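Values in this text are rule-based calculations from the coordinates and carry no lab data. Please read these numbers as outputs of a predicted model, since none were measured by experiment. Reconstructed Cβ throughout: ideal geometry from the backbone, glycine too, with neighbour counts over all protein chains shown.
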Amino acid sequence: MATSVGDVLRQAAAAYDGIQSFEATETVAAGPISCEARVRFRKPDRIAVDYVRYEDPLAVFEDRLTGGAEFAPAELVGMHLVHDGSETWLHDPRTNVVLRKPGRKLFAPLEPMSVLGEIGFLPSLAHDFLVRDEGEEAVDGRQAFRLGLRPKAAYRSLLLKEEVFPLSSAVLLLEKETSFPLRVEFRPAPETGLALLVGPRNSIRISYGNVRLNHAEETAFAPPVDARVFREEVVAADRLAERLPSRVSLETIGEAGYRIYGSRASLTSNEAADRGYATFTLAPSAPEGQAPGTFVSVRTGNYLSRNMARRRALIAERGEAISLDGLPSRLLDRAALVRDDLPEGVERDLLEVGWERDGVFWFLLGEGLGRPALLDLARALARKEPSAPPS
């Protein structure tokens, strides 16, 4: 490298100041996890993402075990996601449904690590890392400086903020002409959850191709005029009954011996407030400060989200037909679906019951809760559940 490391780092910091926006094809590879997306970024914090490939067998496994993924990897491919600095818009052109979510929620792999369109580390390389000259390398016909990085500290407290560096070492390739990071590859620190996620021997590689700097295309999003628009928000538990279009009886929950854990629920509803669904967790009523030993995750509403639709299909295919005081329902043993894939000695009691009445859907997933207790709760909710109001 003819240019000194110090000069390369100063050029990278200066280049970052001059980049107001960029467009690129980004690839993320981390062991069995990989994705490819077209990203458009605009300072200070606007980004548009279109996934063209998404593979995450760990997410598929977890979704089969708990049903927790809001979107399966295959569902994200073809979606258009835009974070406008305060909230995220998701447009699924296959259903023409738009979902507004608070904060930055791009459903990128390896969350909560920010891996999409993230180049904000460039100005602070010299401050945060010990940097080693590793020569030059050609990337898709472009010459790049190759830098070896090692964090100066794994953790740093700065009074009003904390910084954690979840890697033991990294290799960074900066394009010689623009100082744009064409590739960064690092191995997670062994003690981090990231190492458990991708495997102890796997590294994480983030690459950019077809880069266009300071591209003028806007990242803002306007829903199609004929789209169905839903907005997600967090509501207090005592307001859920009045806000959820299909209603839910908090009195019934209390009489059954449960409470909404955390006193908060996620509510998603349309602009007319006549279609929507809620997600919340129930825990057995217990003295203040006592940690519950069992949980029941609940999804209910008169609109089927992507997650609820997958649950409905799986329960219909693999579940056992039961009756909740005459109401046809189905019970699914999720743990049995993946028992052969769990490590030896790992036992999880995961039963899910689902039903539908008058256009209102219910899904109750009990963790650590036996079949009798789960069905008792389901019967209470099914028996006293009010009918959905006319739309």
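Laid out as a table, the results:
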quantity	calculated
DSSP loop GluC sites (Glu not before Pro) with at most 15 other Cβ within 10 Å excluded, longest remaining stretch of the chain	1-176
Computed helical MRE - 222 nm, the chain, DSSP H runs ≥ 4 contributing -39500 (n - 2.57), nearest 500	-5500 deg cm²/dmol
Inter-probe distance in nm under a simple model that places probes 7 Å from Cα toward Cβ, at residue 358 and residue 43	5.6 nm
Per-selection Rg to Rh, region 5-213 - Cα, Kirkwood hydrodynamic radius	0.96
Acute angle (nearest 10 degrees) that the helix 57-66 long axis makes with the longest principal axis of the chain, alpha-carbon atoms	20 degrees
Shape call, region 82-177: gyration tensor on alpha carbons, a/c limit 1.5	oblate
Bins of 5 Å from zero: percent of alpha-carbon pairs in region 1-74	3, 13, 14, 14, 14, 14, 11, 7, 5, 3, 1
Residues residue 95 and residue 371, FRET efficiency given R0 of 41 Å [Cβ-Cβ distance, rounded to 0.05]	0.75
Rounded if a/c under 1.5, otherwise prolate or oblate - region 191-314, Cα gyration tensor axes	oblate
Helix 371-384 axis, angle to the chain major axis (alpha carbon atoms, nearest 10°)	70 degrees
Column: log10 I(q)/I(0), Debye, Cα scatterers of region 99-147, q = 0.23, 0.24, 0.28, 0.30 Å⁻¹	-1.00, -1.02, -1.07, -1.09
Zone of residue 271's modelled label, taken as backbone nitrogen in region 97-129 under 17 Å from a point 7 Å along Cα→Cβ	97-101
Convex hull volume per residue in cubic angstrom - Cα atoms of the chain	168 Å³
Anchor residue 152: lysines whose Cα lies under 23 Å away (excluding residues fewer than 8 positions away in-chain)	161
Principal-axis tilt of helix 306-318 within the chain, Cα atoms, nearest 10 degrees	60 degrees
Spin-label pair residue 241/residue 318, simplified geometry with 7 Å Cα→Cβ offset, distance in nm	3.6 nm
Using alpha carbons only: equivalent-ellipsoid semi-axes of region 232-384, gyration tensor based, whole Å	24, 20, 15
Förster radius 22 Å - calculated FRET efficiency between residue 185 and residue 210, Cβ distance, rounded to 0.05	0.70
Rounded, prolate or oblate (a/c below 1.5 giving rounded, otherwise prolate when a/b exceeds b/c) for region 48-111 by Cα gyration tensor	prolate
